[in-house]
1. Taking the range 92-117 as the region of interest, how many residues are buried (at least 22 other Cβ atoms within 10 Å of the Cβ), more than 12 Å from the chain's Cα centre (by Cα) and of a type outside the set (Gly, Ala, Ser)?
2. ARG95 versus (1) under 25 Å from TYR135 (Cα atoms); (2) in a strand (DSSP E or B); (3) at pLDDT below 90: which is the lone unmet condition?
3. Scan the range 1-54 residue by residue and report those that are acidic (Asp, Glu), over 16 Å from ALA104 (Cβ atoms) and touching a Phe, Trp or Tyr at 6+ places or on another chain (Cβ under 8 Å).
4. Do we have any residue at all in the range 140-160 that's in contact with a Lys or Arg (Cβ under 6 Å, 6 or more places away or on another chain), part of a strand (DSSP E or B), of a type in the set (A, V, I, L, M) and at pLDDT 80 or above?
5. Pull up the range 119-139, narrow it to residues that are hydrophobic (A, V, I, L, M, F, W, C) and surrounded by fewer than 18 Cβ atoms within 10 Å (Cβ to Cβ), then point me to the one that is modelled with the lowest pLDDT.
6. Would you call PRO178 surrounded by fewer than 18 Cβ atoms within 10 Å (Cβ to Cβ), of a type outside the set (Ser, Thr, Tyr), modelled with pLDDT under 85 and not in a loop (DSSP other than H, G, I, E, B)?
7. Output the residue which, of all residues in the range 33-52 that are surrounded by fewer than 17 Cβ atoms within 10 Å (Cβ to Cβ) and at pLDDT below 90, is farthest from GLY90 (Cα to Cα).
Amino acid sequence: MRIHNEALRVEYDEAAARFSVSSKGNGRAFAADGRLGGEGGTAKIVLIADKSFGEGQAIEIAAPNGSRDWIMLFPGVPFVLFQTSLRNNGQEPARVDRLRSVSAALDLGKEAARLRAFGTAGLTAPDQNPGSYAYLAVVDPETRSGAVAGRPAGPPPPSISAGRPPTSARSARAGSLPLTRTPVATRGWPWPIP
């Protein structure tokens, strides 16, 4: 299934539980093999409304346990937004110590060695970046195109294959989230146009 705005196209493969993001300008996918933090589930396209971004469209993935993920696009917003709602069906509170919300392999059309990663730790080669607690951008210094993850972001791991630095967003490791029977929502990870 597919959603789009004037700048971006997101495709979701329900059977594989994977997504990709393409620029509508050049048609090239710059994020592939995208995975959400949940276990997959039933996907459908829904209309959404947000106080900040207005009306848009989303791919909603409903997990068997009642948790949901949304991949969202809004008109005039050059970012893909992700949101997760966790659900605990048990009688006792559950503890969530880590939450991996999204991960994908970036393909900016260059070998990873020719790209740079920039976050709160500074500017480095992608395989040398220790991560960032606020944002992480992977960019091509020659064209100034790239992708950025907002919110807590993990480093691209040292093993980069086929010139595609993988990157992911994760929750802070300090503390834990008590999850009762009330759903808890998280939001993060915008991707701009390459």
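The values are calculated or read from the model by the stated rules, or taken from the named source; none is laboratory data. Note that the structure is predicted; figures quoted are calculated from it, not measured. Ideal geometry is used to build each Cβ from the backbone, glycine not excepted, and the neighbour counts take in all protein chains shown.
1. 2
2. Failing condition for ARG95: (1).
3. Scanning the range 1-54 gives a single hit, ASP50.
4. No, the conditions are met nowhere in the range 140-160.
5. ALA134
6. Working: surrounded by fewer than 18 Cβ atoms within 10 Å (Cβ to Cβ): yes; of a type outside the set (Ser, Thr, Tyr): yes; modelled with pLDDT under 85: yes; not in a loop (DSSP other than H, G, I, E, B): yes.
Judged against the criteria, PRO178 is a match.
7. Here the answer is SER52.
Matching residues to (1) over 16 Å from the mean Cα position of the chain (by Cα); (2) at positive phi; (3) crowded, with 20+ Cβ neighbours inside 10 Å:
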site	(1), (2), (3)
ALA17	no, yes, no
VAL21	no, no, yes
GLY54	yes, yes, no
LEU81	no, no, yes
GLY90	yes, no, no
